[in-house]
Amino acid sequence: MTRSRDIANLGDGVTAADITDATITAAKMADGAVEGAFTTQIGRRNLIINGEMRIDQYNNGASISTHGVKVVDRWGTALTNGSASGITVQRSTTVPTGQGFVNSVVYTVGTGGSVGTGGSYGIQHRVEGYSVAPLHFGSAEAKQFTMSFWVRSSITGNYGIGLRNSAKDRSYVGEYTISSANTWEKKTITITADTSGTWVEDNGIGLDIFFDLGVGSTNSTTSGSWQAGNYLGLTGGVKLAETTGATFYLTGVQIEVGSVATPFEHISYGESLALCQRYYYKQHPPSGHFFGVGNIDGSNGSQIRLFFPVEMRTSPTSVETTGTAGNYQLRVNGNLTCTSVPSFINASPWDSTISFNKTSHGLTNGYCGFGRSAGSEAYLAWSAEL
Amino acid sequence: MSYSIVNTHTDEGVTTVIYGDGKRSCIGIDKEFQQWLRDNADNLPADIQAKVEDGTLTIEDAD
(Lines give C-alpha, C1' and ligand atoms only; values in the text may rest on other atoms or scores of the structure.)
Protein backbone atom coordinates (compact mmCIF):
# COMPACT_ATOMS: atom_id res chain seq x y z
CA MET A 1 0.00 0.00 0.00
CA THR A 2 1.44 3.39 -0.97
CA ARG A 3 1.35 6.48 1.21
CA SER A 4 -0.69 8.37 -1.40
CA ARG A 5 -3.21 5.60 -1.55
CA ASP A 6 -3.22 5.40 2.24
CA ILE A 7 -4.05 9.09 2.51
CA ALA A 8 -6.59 8.88 -0.25
CA ASN A 9 -8.40 6.19 1.67
CA LEU A 10 -8.57 7.96 4.99
CA GLY A 11 -11.94 9.33 4.22
CA ASP A 12 -13.43 5.99 3.29
CA GLY A 13 -11.51 3.77 5.68
CA VAL A 14 -9.31 0.85 4.69
CA THR A 15 -11.04 -1.81 2.68
CA ALA A 16 -10.03 -5.39 2.11
CA ALA A 17 -8.99 -4.46 -1.42
CA ASP A 18 -6.35 -2.17 0.02
CA ILE A 19 -4.59 -4.98 1.82
CA THR A 20 -2.74 -7.68 -0.05
CA ASP A 21 -1.78 -10.98 1.48
CA ALA A 22 0.93 -10.73 4.10
CA THR A 23 1.29 -6.94 3.88
CA ILE A 24 0.46 -6.65 7.56
CA THR A 25 2.58 -9.07 9.50
CA ALA A 26 2.71 -9.66 13.23
CA ALA A 27 6.13 -8.00 13.34
CA LYS A 28 4.65 -4.75 12.05
CA MET A 29 2.10 -4.52 14.81
CA ALA A 30 2.82 -3.07 18.23
CA ASP A 31 1.20 -4.65 21.27
CA GLY A 32 -2.37 -3.49 21.52
CA ALA A 33 -2.34 -1.95 18.06
CA VAL A 34 -5.20 -4.19 17.01
CA GLU A 35 -8.15 -4.39 19.34
CA GLY A 36 -11.62 -5.69 18.89
CA ALA A 37 -14.38 -3.17 18.72
CA PHE A 38 -15.95 -5.04 21.61
CA THR A 39 -14.80 -7.30 24.39
CA THR A 40 -16.40 -10.68 24.13
CA GLN A 41 -15.32 -14.27 23.90
CA ILE A 42 -15.51 -16.88 21.22
CA GLY A 43 -16.76 -20.42 21.83
CA ARG A 44 -19.00 -21.46 24.70
CA ARG A 45 -20.32 -18.19 26.03
CA ASN A 46 -23.54 -18.62 27.96
CA LEU A 47 -23.21 -19.00 31.74
CA ILE A 48 -26.92 -19.85 31.95
CA ILE A 49 -28.03 -23.48 31.68
CA ASN A 50 -31.26 -24.18 29.82
CA GLY A 51 -31.76 -20.52 29.00
CA GLU A 52 -33.96 -21.66 26.12
CA MET A 53 -36.31 -23.42 28.60
CA ARG A 54 -36.30 -26.62 26.56
CA ILE A 55 -35.20 -29.23 29.12
CA ASP A 56 -38.03 -30.11 31.48
CA GLN A 57 -37.21 -33.31 33.34
CA TYR A 58 -39.33 -32.08 36.23
CA ASN A 59 -42.74 -31.58 34.67
CA ASN A 60 -42.49 -32.42 30.97
CA GLY A 61 -44.53 -29.34 30.18
CA ALA A 62 -47.12 -29.71 32.92
CA SER A 63 -48.37 -26.64 34.75
CA ILE A 64 -46.99 -25.80 38.21
CA SER A 65 -48.73 -23.75 40.88
CA THR A 66 -46.35 -24.28 43.80
CA HIS A 67 -43.85 -21.78 45.18
CA GLY A 68 -40.19 -22.65 45.28
CA VAL A 69 -40.12 -25.57 42.83
CA LYS A 70 -38.72 -25.97 39.36
CA VAL A 71 -40.92 -25.21 36.36
CA VAL A 72 -38.29 -26.42 33.89
CA ASP A 73 -34.76 -27.53 34.63
CA ARG A 74 -32.74 -24.84 36.43
CA TRP A 75 -35.67 -22.36 36.54
CA GLY A 76 -37.69 -21.94 39.71
CA THR A 77 -41.05 -20.47 40.65
CA ALA A 78 -41.71 -17.68 43.14
CA LEU A 79 -45.34 -17.00 44.00
CA THR A 80 -45.68 -16.36 47.70
CA ASN A 81 -46.19 -13.86 50.53
CA GLY A 82 -48.79 -11.71 48.78
CA SER A 83 -52.50 -11.91 48.07
CA ALA A 84 -52.30 -12.95 44.41
CA SER A 85 -53.65 -16.44 43.81
CA GLY A 86 -54.14 -19.02 41.10
CA ILE A 87 -50.73 -18.41 39.57
CA THR A 88 -49.47 -21.07 37.18
CA VAL A 89 -46.07 -21.44 35.57
CA GLN A 90 -45.20 -23.84 32.79
CA ARG A 91 -43.16 -24.54 29.71
CA SER A 92 -44.70 -23.04 26.60
CA THR A 93 -44.26 -23.38 22.85
CA THR A 94 -44.90 -19.68 22.31
CA VAL A 95 -41.56 -18.30 21.14
CA PRO A 96 -40.08 -15.37 19.22
CA THR A 97 -40.28 -15.92 15.48
CA GLY A 98 -37.12 -16.86 13.63
CA GLN A 99 -34.79 -17.08 16.61
CA GLY A 100 -34.48 -20.86 16.75
CA PHE A 101 -36.27 -21.28 20.04
CA VAL A 102 -38.67 -24.13 20.70
CA ASN A 103 -39.82 -23.25 24.19
CA SER A 104 -40.32 -20.47 26.67
CA VAL A 105 -41.69 -20.32 30.21
CA VAL A 106 -45.01 -18.60 30.79
CA TYR A 107 -46.12 -17.12 34.12
CA THR A 108 -49.87 -16.62 34.30
CA VAL A 109 -51.67 -14.77 37.07
CA GLY A 110 -55.01 -16.27 38.09
CA THR A 111 -56.39 -13.63 40.42
CA GLY A 112 -54.21 -10.60 40.95
CA GLY A 113 -53.57 -9.25 44.42
CA SER A 114 -51.26 -6.92 46.28
CA VAL A 115 -47.66 -8.03 46.66
CA GLY A 116 -47.51 -5.95 49.86
CA THR A 117 -44.20 -5.60 51.63
CA GLY A 118 -42.98 -9.17 51.52
CA GLY A 119 -44.33 -10.54 48.24
CA SER A 120 -42.08 -12.73 46.13
CA TYR A 121 -43.38 -13.28 42.62
CA GLY A 122 -41.14 -14.07 39.69
CA ILE A 123 -38.91 -16.56 37.93
CA GLN A 124 -35.59 -17.53 39.46
CA HIS A 125 -32.33 -19.01 38.21
CA ARG A 126 -29.29 -19.81 40.32
CA VAL A 127 -25.86 -20.05 38.73
CA GLU A 128 -23.26 -22.26 40.39
CA GLY A 129 -20.18 -20.53 41.77
CA TYR A 130 -17.82 -22.45 39.51
CA SER A 131 -19.64 -21.01 36.50
CA VAL A 132 -19.50 -17.35 37.51
CA ALA A 133 -15.95 -17.50 38.88
CA PRO A 134 -14.55 -16.03 35.62
CA LEU A 135 -16.46 -12.82 36.38
CA HIS A 136 -14.35 -12.28 39.52
CA PHE A 137 -17.16 -11.04 41.71
CA GLY A 138 -16.02 -9.42 44.94
CA SER A 139 -12.62 -8.32 43.69
CA ALA A 140 -10.96 -5.40 41.96
CA GLU A 141 -10.72 -7.63 38.89
CA ALA A 142 -14.50 -7.80 38.55
CA LYS A 143 -15.48 -8.12 34.91
CA GLN A 144 -18.20 -6.66 32.77
CA PHE A 145 -20.92 -9.06 31.71
CA THR A 146 -24.03 -8.82 29.56
CA MET A 147 -27.44 -10.35 30.13
CA SER A 148 -29.76 -10.78 27.20
CA PHE A 149 -33.19 -12.39 27.03
CA TRP A 150 -36.49 -12.42 25.20
CA VAL A 151 -39.64 -11.37 27.00
CA ARG A 152 -43.29 -10.97 26.13
CA SER A 153 -45.81 -9.56 28.58
CA SER A 154 -49.42 -8.51 28.59
CA ILE A 155 -48.45 -5.47 30.64
CA THR A 156 -46.07 -2.78 29.41
CA GLY A 157 -43.78 -0.77 31.64
CA ASN A 158 -40.53 -1.00 33.54
CA TYR A 159 -39.50 -4.37 34.94
CA GLY A 160 -36.72 -5.37 37.31
CA ILE A 161 -34.14 -8.14 37.37
CA GLY A 162 -32.50 -8.86 40.69
CA LEU A 163 -28.98 -10.25 41.02
CA ARG A 164 -27.80 -11.36 44.42
CA ASN A 165 -24.97 -13.21 46.14
CA SER A 166 -25.36 -16.38 48.17
CA ALA A 167 -25.26 -14.57 51.50
CA LYS A 168 -28.07 -12.27 50.31
CA ASP A 169 -26.17 -9.20 51.44
CA ARG A 170 -25.07 -7.83 48.04
CA SER A 171 -27.60 -7.06 45.31
CA TYR A 172 -28.06 -5.34 41.99
CA VAL A 173 -31.39 -4.58 40.39
CA GLY A 174 -31.38 -4.06 36.64
CA GLU A 175 -34.21 -2.42 34.74
CA TYR A 176 -35.71 -2.95 31.31
CA THR A 177 -38.80 -1.68 29.57
CA ILE A 178 -41.47 -3.65 27.78
CA SER A 179 -42.95 -1.24 25.28
CA SER A 180 -45.54 -3.31 23.43
CA ALA A 181 -48.04 -5.64 25.05
CA ASN A 182 -48.08 -9.28 23.99
CA THR A 183 -45.08 -8.80 21.70
CA TRP A 184 -41.72 -10.54 21.93
CA GLU A 185 -38.87 -8.11 22.64
CA LYS A 186 -35.17 -8.78 23.19
CA LYS A 187 -33.62 -7.00 26.16
CA THR A 188 -29.98 -6.44 27.00
CA ILE A 189 -28.38 -5.28 30.22
CA THR A 190 -24.62 -4.81 30.67
CA ILE A 191 -23.31 -4.80 34.23
CA THR A 192 -19.88 -4.71 35.83
CA ALA A 193 -19.65 -7.41 38.46
CA ASP A 194 -19.63 -6.33 42.09
CA THR A 195 -16.21 -5.44 43.48
CA SER A 196 -17.39 -5.83 47.08
CA GLY A 197 -18.89 -8.53 49.23
CA THR A 198 -18.32 -12.23 49.52
CA TRP A 199 -19.12 -14.26 46.43
CA VAL A 200 -19.10 -18.04 46.16
CA GLU A 201 -16.85 -19.53 43.50
CA ASP A 202 -17.30 -23.23 44.27
CA ASN A 203 -20.32 -25.50 44.00
CA GLY A 204 -22.57 -23.18 46.02
CA ILE A 205 -24.78 -20.35 44.75
CA GLY A 206 -22.56 -18.05 42.72
CA LEU A 207 -25.26 -15.74 41.40
CA ASP A 208 -28.97 -15.65 42.17
CA ILE A 209 -31.02 -14.18 39.32
CA PHE A 210 -34.64 -13.13 39.73
CA PHE A 211 -37.03 -11.85 37.07
CA ASP A 212 -39.21 -9.57 39.16
CA LEU A 213 -42.94 -10.00 38.56
CA GLY A 214 -43.96 -8.62 41.91
CA VAL A 215 -41.43 -8.21 44.71
CA GLY A 216 -42.64 -6.50 47.88
CA SER A 217 -41.23 -3.18 49.04
CA THR A 218 -38.94 -4.75 51.64
CA ASN A 219 -36.80 -6.39 48.95
CA SER A 220 -37.12 -3.74 46.25
CA THR A 221 -34.76 -0.91 45.44
CA THR A 222 -33.68 1.46 42.68
CA SER A 223 -31.82 0.15 39.67
CA GLY A 224 -28.31 0.47 38.37
CA SER A 225 -25.86 -0.08 41.21
CA TRP A 226 -24.58 -2.78 43.53
CA GLN A 227 -25.90 -2.30 47.03
CA ALA A 228 -25.55 -3.86 50.44
CA GLY A 229 -28.72 -5.76 51.27
CA ASN A 230 -31.18 -8.28 49.91
CA TYR A 231 -32.91 -6.85 46.85
CA LEU A 232 -34.54 -8.66 43.97
CA GLY A 233 -37.21 -6.23 42.81
CA LEU A 234 -37.43 -2.81 41.21
CA THR A 235 -39.02 0.00 43.23
CA GLY A 236 -41.82 1.35 41.08
CA GLY A 237 -41.55 -1.50 38.61
CA VAL A 238 -44.44 -3.44 37.11
CA LYS A 239 -46.03 -5.81 39.64
CA LEU A 240 -47.43 -8.33 37.21
CA ALA A 241 -48.83 -10.49 40.01
CA GLU A 242 -51.28 -7.75 40.90
CA THR A 243 -53.16 -8.01 37.59
CA THR A 244 -55.73 -10.74 37.03
CA GLY A 245 -55.03 -12.74 33.89
CA ALA A 246 -51.64 -11.15 33.21
CA THR A 247 -49.06 -13.24 31.35
CA PHE A 248 -45.27 -13.05 31.11
CA TYR A 249 -43.14 -15.18 28.78
CA LEU A 250 -39.36 -15.61 29.04
CA THR A 251 -36.79 -17.44 26.91
CA GLY A 252 -33.33 -17.12 25.39
CA VAL A 253 -31.65 -16.03 28.60
CA GLN A 254 -27.92 -15.58 28.22
CA ILE A 255 -25.15 -14.17 30.39
CA GLU A 256 -21.77 -13.71 28.77
CA VAL A 257 -18.51 -12.04 29.61
CA GLY A 258 -18.08 -8.63 28.00
CA SER A 259 -20.23 -5.76 26.84
CA VAL A 260 -21.89 -7.34 23.82
CA ALA A 261 -25.06 -9.38 23.64
CA THR A 262 -24.20 -11.94 20.97
CA PRO A 263 -26.94 -14.10 19.44
CA PHE A 264 -28.25 -16.80 21.74
CA GLU A 265 -25.90 -19.75 21.94
CA HIS A 266 -27.93 -22.74 20.79
CA ILE A 267 -26.40 -26.04 21.84
CA SER A 268 -27.55 -29.59 21.21
CA TYR A 269 -30.37 -31.08 23.24
CA GLY A 270 -28.01 -33.71 24.62
CA GLU A 271 -25.49 -31.16 25.79
CA SER A 272 -28.17 -29.08 27.48
CA LEU A 273 -29.67 -32.15 29.15
CA ALA A 274 -26.28 -33.25 30.48
CA LEU A 275 -25.67 -29.78 31.94
CA CYS A 276 -29.05 -29.94 33.67
CA GLN A 277 -28.39 -33.42 35.05
CA ARG A 278 -25.66 -32.06 37.28
CA TYR A 279 -28.54 -30.55 39.29
CA TYR A 280 -31.43 -32.96 38.77
CA TYR A 281 -31.59 -36.41 37.25
CA LYS A 282 -34.73 -38.36 36.46
CA GLN A 283 -34.47 -41.99 35.40
CA HIS A 284 -37.60 -43.44 33.84
CA PRO A 285 -36.99 -46.81 32.21
CA PRO A 286 -39.85 -48.35 30.21
CA SER A 287 -42.11 -50.80 31.97
CA GLY A 288 -40.29 -54.06 32.61
CA HIS A 289 -36.83 -52.53 32.41
CA PHE A 290 -34.45 -52.30 35.33
CA PHE A 291 -33.47 -49.24 37.31
CA GLY A 292 -30.41 -50.94 38.74
CA VAL A 293 -28.92 -54.03 40.34
CA GLY A 294 -27.97 -54.88 43.91
CA ASN A 295 -28.72 -57.41 46.58
CA ILE A 296 -31.42 -58.46 48.99
CA ASP A 297 -30.95 -56.78 52.35
CA GLY A 298 -33.20 -57.57 55.28
CA SER A 299 -36.59 -59.19 55.25
CA ASN A 300 -38.41 -56.24 53.69
CA GLY A 301 -35.95 -54.48 51.44
CA SER A 302 -32.94 -54.45 49.19
CA GLN A 303 -29.97 -52.33 48.22
CA ILE A 304 -30.13 -51.40 44.55
CA ARG A 305 -27.36 -49.28 43.10
CA LEU A 306 -27.95 -46.74 40.34
CA PHE A 307 -25.39 -44.58 38.58
CA PHE A 308 -25.78 -40.95 37.57
CA PRO A 309 -24.90 -40.04 33.96
CA VAL A 310 -22.87 -37.01 35.04
CA GLU A 311 -21.27 -36.04 38.32
CA MET A 312 -23.88 -34.18 40.34
CA ARG A 313 -23.20 -30.86 42.01
CA THR A 314 -23.36 -32.43 45.44
CA SER A 315 -24.65 -35.64 47.04
CA PRO A 316 -28.44 -35.90 46.82
CA THR A 317 -30.17 -36.47 50.16
CA SER A 318 -33.44 -37.97 49.01
CA VAL A 319 -35.08 -39.79 46.14
CA GLU A 320 -38.27 -38.75 44.35
CA THR A 321 -40.74 -41.38 43.18
CA THR A 322 -44.17 -41.45 41.58
CA GLY A 323 -45.75 -41.98 44.97
CA THR A 324 -47.31 -45.26 43.90
CA ALA A 325 -45.74 -48.47 45.24
CA GLY A 326 -47.27 -50.51 42.44
CA ASN A 327 -45.07 -48.74 39.88
CA TYR A 328 -42.04 -50.59 41.25
CA GLN A 329 -40.96 -54.19 41.54
CA LEU A 330 -38.18 -56.12 43.24
CA ARG A 331 -36.89 -59.04 41.19
CA VAL A 332 -34.67 -62.02 42.00
CA ASN A 333 -36.22 -64.96 40.14
CA GLY A 334 -39.66 -63.44 39.86
CA ASN A 335 -41.25 -60.01 40.00
CA LEU A 336 -42.47 -58.88 43.44
CA THR A 337 -44.56 -55.73 43.40
CA CYS A 338 -43.30 -53.29 46.00
CA THR A 339 -45.41 -52.57 49.07
CA SER A 340 -44.01 -49.07 49.50
CA VAL A 341 -42.25 -46.78 47.05
CA PRO A 342 -38.47 -47.13 46.82
CA SER A 343 -36.68 -45.43 49.70
CA PHE A 344 -33.43 -43.57 49.88
CA ILE A 345 -30.42 -45.22 51.51
CA ASN A 346 -27.51 -43.06 50.41
CA ALA A 347 -25.95 -41.17 47.52
CA SER A 348 -22.74 -39.62 46.34
CA PRO A 349 -22.33 -37.24 43.40
CA TRP A 350 -21.83 -40.34 41.22
CA ASP A 351 -24.37 -42.89 42.39
CA SER A 352 -27.18 -43.73 44.77
CA THR A 353 -28.34 -46.79 46.65
CA ILE A 354 -32.07 -47.27 46.90
CA SER A 355 -34.17 -49.86 48.71
CA PHE A 356 -36.93 -51.46 46.66
CA ASN A 357 -39.30 -52.50 49.42
CA LYS A 358 -41.48 -55.58 49.70
CA THR A 359 -42.78 -56.50 53.13
CA SER A 360 -41.83 -60.08 54.07
CA HIS A 361 -40.42 -60.82 50.62
CA GLY A 362 -39.05 -64.16 51.73
CA LEU A 363 -35.84 -63.75 49.75
CA THR A 364 -32.41 -64.69 51.03
CA ASN A 365 -30.09 -61.94 52.19
CA GLY A 366 -27.23 -61.39 49.79
CA TYR A 367 -28.95 -62.73 46.70
CA CYS A 368 -28.57 -60.58 43.62
CA GLY A 369 -31.68 -58.53 42.94
CA PHE A 370 -32.98 -55.91 40.55
CA GLY A 371 -35.10 -52.82 40.98
CA ARG A 372 -37.62 -52.88 38.15
CA SER A 373 -40.14 -50.56 36.53
CA ALA A 374 -43.70 -51.86 36.64
CA GLY A 375 -45.37 -49.12 34.62
CA SER A 376 -44.69 -46.54 31.97
CA GLU A 377 -45.01 -43.75 34.52
CA ALA A 378 -42.43 -45.19 36.94
CA TYR A 379 -39.38 -43.06 37.64
CA LEU A 380 -36.78 -42.23 40.24
CA ALA A 381 -35.23 -38.79 40.51
CA TRP A 382 -32.50 -37.13 42.52
CA SER A 383 -31.92 -33.47 43.20
CA ALA A 384 -28.68 -31.55 43.79
CA GLU A 385 -30.22 -28.17 43.08
CA LEU A 386 -28.80 -24.92 44.34
CA MET B 1 -46.49 -33.00 53.82
CA SER B 2 -46.11 -35.81 56.30
CA TYR B 3 -43.31 -38.20 57.05
CA SER B 4 -42.95 -41.58 58.68
CA ILE B 5 -40.14 -44.09 59.07
CA VAL B 6 -40.42 -47.05 56.76
CA ASN B 7 -37.01 -48.61 57.06
CA THR B 8 -33.80 -48.38 59.02
CA HIS B 9 -30.50 -49.43 57.55
CA THR B 10 -27.66 -50.12 59.92
CA ASP B 11 -24.82 -50.29 57.39
CA GLU B 12 -21.83 -48.11 58.02
CA GLY B 13 -22.53 -44.48 57.38
CA VAL B 14 -26.20 -45.06 56.57
CA THR B 15 -28.86 -43.45 58.67
CA THR B 16 -32.58 -43.75 59.15
CA VAL B 17 -34.64 -43.92 55.99
CA ILE B 18 -37.74 -41.77 56.14
CA TYR B 19 -40.66 -41.80 53.78
CA GLY B 20 -42.46 -38.56 53.06
CA ASP B 21 -45.42 -37.23 51.09
CA GLY B 22 -45.77 -40.35 48.96
CA LYS B 23 -43.10 -39.09 46.55
CA ARG B 24 -39.97 -38.35 48.50
CA SER B 25 -37.95 -40.52 50.82
CA CYS B 26 -35.02 -39.04 52.59
CA ILE B 27 -32.46 -39.22 55.34
CA GLY B 28 -32.15 -36.74 58.17
CA ILE B 29 -30.04 -34.22 56.27
CA ASP B 30 -32.61 -33.59 53.57
CA LYS B 31 -33.32 -29.85 53.56
CA GLU B 32 -37.07 -30.09 53.13
CA PHE B 33 -37.37 -32.75 55.79
CA GLN B 34 -35.29 -30.69 58.20
CA GLN B 35 -37.56 -27.70 57.63
CA TRP B 36 -40.57 -29.90 58.29
CA LEU B 37 -38.91 -31.14 61.49
CA ARG B 38 -38.38 -27.59 62.69
CA ASP B 39 -41.92 -26.56 61.80
CA ASN B 40 -43.40 -29.55 63.61
CA ALA B 41 -40.89 -29.98 66.43
CA ASP B 42 -43.61 -29.75 69.06
CA ASN B 43 -45.92 -32.25 67.40
CA LEU B 44 -43.86 -34.94 65.71
CA PRO B 45 -45.28 -38.38 64.89
CA ALA B 46 -44.33 -40.93 67.49
CA ASP B 47 -41.94 -42.92 65.28
CA ILE B 48 -39.98 -39.83 64.31
CA GLN B 49 -40.04 -38.42 67.84
CA ALA B 50 -38.50 -41.70 69.01
CA LYS B 51 -35.66 -41.34 66.52
CA VAL B 52 -35.02 -37.79 67.69
CA GLU B 53 -34.92 -38.92 71.30
CA ASP B 54 -32.60 -41.87 70.70
CA GLY B 55 -30.19 -39.63 68.79
CA THR B 56 -30.42 -41.28 65.38
CA LEU B 57 -32.17 -38.23 63.97
CA THR B 58 -31.03 -34.66 64.61
CA ILE B 59 -33.06 -31.50 64.14
CA GLU B 60 -30.59 -29.04 62.67
CA ASP B 61 -30.65 -25.27 62.97
CA ALA B 62 -32.07 -23.30 60.04
CA ASP B 63 -29.62 -21.97 57.43
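The values are calculated or read from the model by the stated rules, or taken from the named source; none is laboratory data. All values reported here derive from a predicted model rather than from experimental measurement. As a convention, Cβ positions derive from the backbone with ideal geometry for all residues, glycine included, and neighbour counts pool all protein chains shown. To get the accessible areas, we keep the full protein, side chains included, count just its heavy atoms, and leave off ligands, DNA and RNA. Shrake-Rupley method; radii C 1.70, N 1.55, O 1.52, S 1.80 Å.
Relative to the Cα centre, the charge distribution of segment A:280-383, modelled as +1 at Lys and Arg Cβ and -1 at Asp and Glu Cβ, gives a dipole magnitude of about 120 debye. As a length-normalised measure over Cα pairs under 8 Å and 6 or more apart, the relative contact order of chain A settles at 16 percent. Rounded to the nearest 20, the Cβ-based charge dipole of segment A:139-280 about its Cα centre (Lys and Arg +1, Asp and Glu -1) stands at 280 debye. Look at the dipole of chain A built from charges on Cβ: of A:His136, A:Asn230, A:Gln90, the Cα furthest out on the positive end belongs to A:Gln90.
Across peptide A:369-380, the mean count of Cβ atoms from other chains lying within 10 Å of each residue's own Cβ comes to 0. Under a Gaussian network description of chain A, with springs only between Cα atoms under 10 Å, the residue in A:Leu163, A:Leu336, A:Leu47 that fluctuates furthest is A:Leu336. If I take every Cα pair under 8 Å that is 6 or more residues apart in segment A:193-242, average their sequence separation and divide by the length, what percent do I get for the relative contact order? Once normalised by length, the contact order is 36 percent.
Determine which lysines satisfy two conditions relative to B:Lys23: a Cα distance under 30 Å, and not lying fewer than 8 residues away in the same chain. Excluding near neighbours in sequence, the set is A:Lys70, A:Lys282, A:Lys358, B:Lys31, B:Lys51.
What relative contact order, as a whole-number percentage, does segment A:232-306 give when Cα pairs under 8 Å and 6 or more residues apart are counted? Once normalised by length, the contact order is 13 percent. In a reduced charge model with +1 at each Lys and Arg Cβ and -1 at each Asp and Glu Cβ, chain A shows a dipole moment near 800 debye about its Cα centre.
Averaged over peptide A:315-328, the number of partner chain Cβ atoms lying within 10 Å of each residue's Cβ comes to 4. Count charges around A:Asp208 for me, please; just the other residues with Cβ under 12 Å from its Cβ, Lys/Arg as +1, Asp/Glu as -1. Every neighbour counted, the sum reads +2. Counting only protein chain heavy atoms and rolling a 1.4 Å probe, the accessible areas of B:Lys31, A:Lys239 rank, largest first, as B:Lys31, A:Lys239.
Comparing A:Val105, A:Gly197, A:Val215 along the charge dipole axis of chain A, the residue lying farthest to the positive side is A:Val105, per the Cβ-charge model.
Result for chain A in a Gaussian network model with C-alpha springs under 10 Å: among A:Ala241, A:Ala84, A:Ala140, the largest mean-square fluctuation is at A:Ala140. Neighbours of A:Ser287, meaning other residues whose beta-carbon lies under 12 angstrom from its beta-carbon, give a summed charge of 0 when Lys and Arg score +1 and Asp and Glu score -1. In the Gaussian network model of chain A, springs joining C-alpha atoms below 10 Å, which of A:Tyr269, A:Tyr281, A:Tyr249 carries the largest mean-square fluctuation? It is A:Tyr269. Counting, for every residue in A:344-353, the Cβ atoms of other protein chains within 10 Å of its Cβ and taking the mean gives 3. Please give the Cα centre distance for segment A:103-147 versus segment A:246-287, rounded to the nearest Å. If we compute the Cα centre of each part, the gap is 15 Å.
Only protein heavy atoms count here; on that basis, with a 1.4 Å probe, A:Arg91 has an accessible area of about 60 Å².
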